[in-house]
């Protein structure tokens with residue numbers, strides 16, 4: 001990688017250009033806490049940008065964990081948990097007197113699915129609890145389905161801290177699981193909030209409901225904070241008759257954007273979404289196709305969309321269809337996509353409801369699939385121009401900078417990924433299906 005490209009990637013990812021050794025936490029176990037204050041806003045990683053860019057989110061999480069002092073609390077809900085660096089950091093935190101609690105999905109650690117890192121964390125966090133107050137104990141627990149619902153999975157991803165150095169109430173949420181694969185093979189995001197006691201209490205309330213692994217009457221919780229709103233699934237209970245994504249898309253108008261929003265008066269929409277399929281996915285696809293025909297400026301980056309969904313987007317949206325980039329890549333030419341976009345984000349710049357100059361970003365853990373509505377998920381809505389531009393610019397970058405363009409001719413001698421998959425009798429989406 002050239003120095004200019006490396007500098008550009010570092011700026012785009014909103015992280016300092018640290019050495020590889022510093023980034024991945026090389027060296028001996030840390031005896032004293034770090035002195036790091038996490039920056040607010042979005043952090044993206046890039047598995048094709050080198051070790052530094054790939055681990056930008058992991059590094060932020062590790063430094064934040066290492067900066068929590070004795071007597072404070074860390075709460076993590078992550079569908080999967082398989083990060084050596086995060087494991088080491090959480091064990092260090094527990095040993096210095098921090099209350100560390102982790103929730104994950106049972107499907108990612110059970111008798112049939114070994115998970116040495118989860119087991120190691122579980123055992124380490126259990127040591128010393130008998131000498132602690134009940135509110136300061138540590139543990140790793142698993143949910144057998146959606147922690148707060150009757151079905152689905154424990155798919156949410158959030159990391160909350162009551163205090164990091166001098167900063168109170170830090171919340172991080174997005175698409176990134178606490179896994180090494182989230183860094184090395186996926187494009188992910190997390191969004192960091194600081195200083196908001198109400199938002200911390202909301203995340204903590206959801207976590208405390210999740211830990212019981214028992215369905216709650218009102219699964220859907222929605223909190224309005226002006227320019228930063230939070231929704232928690234499962235999407236059950238009151239106010240859940242309309243699909244949440246369609247409810248958003250139905251408020252978008254494609255012309256009339258003012259005050260520099262949109263593109264030449266047309267509303268601009270940018271989407272990075274791992275999975276969309278089933279009847280729900282089809283309904284969303286039909287709406288996007290309609291919006292494209294009405295003049296919306298749309299770009300969409302995806303990993304695994306259903307064939308019917310793709311047909312609608314490609315053939316029912318007017319000339320050339322909805323502009324799509326399939327950001328899923330077979331790096332080792334074995335017929336299986338092993339690097340792919342894992343974000344679940346959308347931006348709207350233009351007309352939204354009565355606002356003709358809206359800038360709104362939605363991000364979080366929720367795919368556009370039926371199972372998502374039944375699962376534990378978090379979705380944030382951020383009404384800030386800087387955030388919307390940040391996400392939109394990053395999605396535009398992913399749209400135009402796919403790995404195949406960086407490495408022309410890769411695997412050409414063995415055909416396309418589907419062709420290789422058929423020849424080798426493998427599922428090209430096997431890895432993606434395991435970690436949606």
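For the structure I just gave you, tell me whether residue 150 is outside any strand (DSSP E or B), over 18 Å from the mean Cα position of the chain (by Cα) and either at pLDDT 95 or above or buried (at least 20 other Cβ atoms within 10 Å of the Cβ) (or both).
For residue 150, the condition - outside any strand (DSSP E or B), over 18 Å from the mean Cα position of the chain (by Cα) and either at pLDDT 95 or above or buried (at least 20 other Cβ atoms within 10 Å of the Cβ) (or both) - is met.
What are the residues in the range 368-377 that are touching a strand residue (DSSP E or B) at 6+ places or on another chain (Cβ under 6 Å) and either surrounded by fewer than 24 Cβ atoms within 10 Å (Cβ to Cβ) or modelled with pLDDT under 95 (or both), if any?
Matches in the range 368-377: 369 only.
Find the residue count for the range 73-120, including only residues that are surrounded by 17 or more Cβ atoms within 10 Å (Cβ to Cβ) and either in contact with a strand residue (DSSP E or B) (Cβ under 6 Å, 6 or more places away or on another chain) or part of a loop (DSSP other than H, G, I, E, B) (or both).
Number of matching residues: 27.
Would the range 261-281 turn up any residue that is in the same structural domain as residue 429 (by TED's automatic domain parsing), surrounded by fewer than 23 Cβ atoms within 10 Å (Cβ to Cβ), touching a helix residue (DSSP H, G or I) at 6+ places or on another chain (Cβ under 9 Å) and assigned to a strand (DSSP E or B)?
There is at least one residue in the range 261-281 that is in the same structural domain as residue 429 (by TED's automatic domain parsing), surrounded by fewer than 23 Cβ atoms within 10 Å (Cβ to Cβ), touching a helix residue (DSSP H, G or I) at 6+ places or on another chain (Cβ under 9 Å) and assigned to a strand (DSSP E or B).
Which of the residues belonging to the range 307-356 are surrounded by fewer than 17 Cβ atoms within 10 Å (Cβ to Cβ), touching a strand residue (DSSP E or B) at 6+ places or on another chain (Cβ under 9 Å) and assigned to a loop (DSSP other than H, G, I, E, B)?
Matches in the range 307-356: 323, 331, 353.
Modelled with pLDDT of 95 or more and either in a loop (DSSP other than H, G, I, E, B) or buried (at least 24 other Cβ atoms within 10 Å of the Cβ) (or both): which single residue out of 394, 362 fits that description?
Result: 394 is the single residue among 394, 362 that is modelled with pLDDT of 95 or more and either in a loop (DSSP other than H, G, I, E, B) or buried (at least 24 other Cβ atoms within 10 Å of the Cβ) (or both).
The values are calculated or read from the model by the stated rules, or taken from the named source; none is laboratory data. In this text, all values refer to a predicted model and were calculated from it rather than measured experimentally. Every residue, glycine among them, receives a Cβ derived from its backbone with ideal geometry; neighbour counts consider all protein chains shown.
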